[in-house]
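The values are calculated or read from the model by the stated rules, or taken from the named source; none is laboratory data. Fair warning: this is a prediction, and the values are worked out from it, not measured in the lab. When we count neighbours, we look across all protein chains shown, and the Cβ atoms used for this are built from the backbone with ideal geometry, even at glycine.
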Amino acid sequence: MNRAFSRKKDKTWMHTPEALSKHFIPYNAKFLGSTEVEQPKGTEVVRDAVRKLKFARHIKKSEGQKIPKVELQISIYGVKILEPKTKEVQHNCQLHRISFCADDKTDKRIFTFICKDSESNKHLCYVFDSEKCAEEITLTIGQAFDLAYRKFLESGGKDVETRKQIAGLQKRIQDLETENMELKNKVQDLENQLRITQVSTSPVSILTM
């Protein structure tokens, strides 16, 4: 699981800046729930949260309970989680409180983000199941971070409210980029080890005449 929020000028995003800054991008997903985590970021942190919530959902499913569907509204101001029919806001996660976002490379339906709760100041990991859009949703949140940071730069740091909300965002993005690179290297090492293992364990065909 990982997703770095890139700030490169030549980065091609999937949405127009206006769509995220003046409006929002909606997605539908199933909400597995949220759980408190000890750290604000990290792939192992979200993996543990996913395992925990999947297990809890498995128990509830065996009791006849369905995973609730939600609508996500993503913008430069944050991620809103709504009840799809009534549009009632269940959670409003402001962008500056989101410290980590990831889609699961082993289960491509799953994506998560970690957000610091405004009341308890605890870090909560939100876990979702989206059959087709998990990676796209993660990239959209990444684009929202990119646009929010650019807005801060364009304001020259004079917008007090923006400065308050975006404070620490640059370092957060850099941390995610560093972790993303480390994970890529680990994946490459694992792929190399797998190739070696496959070669050493491949069956040898013996042709008899």
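Kindly evaluate Ile67 against the criterion of being surrounded by 12 or more Cβ atoms within 10 Å (Cβ to Cβ), among the β-branched types (Val, Ile, Thr), in contact with a helix residue (DSSP H, G or I) (Cβ under 7 Å, 6 or more places away or on another chain) and more than 14 Å from Phe128 (Cβ to Cβ).
In short, no.
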### Task
Only residues that are of a type outside the set (Gly, Ala, Ser) and without any contact (Cβ under 8 Å) to a residue 24 or more places away in the chain: list them for region 59-75, please.
Ile59, Lys60, Lys61, Glu63, Gln65, Lys66
### Query
Of Lys85, Lys151, Lys66, Lys132, which residue is under 15 Å from Leu32 (Cα atoms) and out of contact with any strand residue (DSSP E or B) (no Cβ under 8 Å at 6 or more places or on another chain)?
Lys66
### Task
Pull up region 32-58, narrow it to residues that are over 26 Å from Val89 (Cβ atoms) and free of Cβ contacts under 8 Å to residues at least 24 places away in the same chain, then point me to the one that is surrounded by the most Cβ atoms within 10 Å (Cβ to Cβ).
Asp48
## Note on the structure
Flagged in region 82-109 as of a type in the set (A, V, I, L, M, F, W, C) and assigned to a strand (DSSP E or B), in numbering order, are Leu82, Val89, Cys93, Ile98, Phe100, Cys101, Ala102
### Query
How many of the residues making up region 145-167 are modelled with pLDDT of 60 or more and not charged (D, E, K, R)?
8
### Message
Given the options Ile59, Ile67, Ile137, name the one that is within 12 Å of the chain's Cα centre (by Cα) and not in a strand (DSSP E or B).
### Response
Ile137
### Query
So which pairs qualify, if the first residue must be in region 127-138 and within 19 Å of Arg57 (Cβ to Cβ), the second must be small (Gly, Ala, Ser) and modelled with pLDDT of 95 or more, the Cβ gap must be under 6 Å, and the two must be at least 6 apart or on different chains?
Phe128/Ala29; Ser130/Ala29
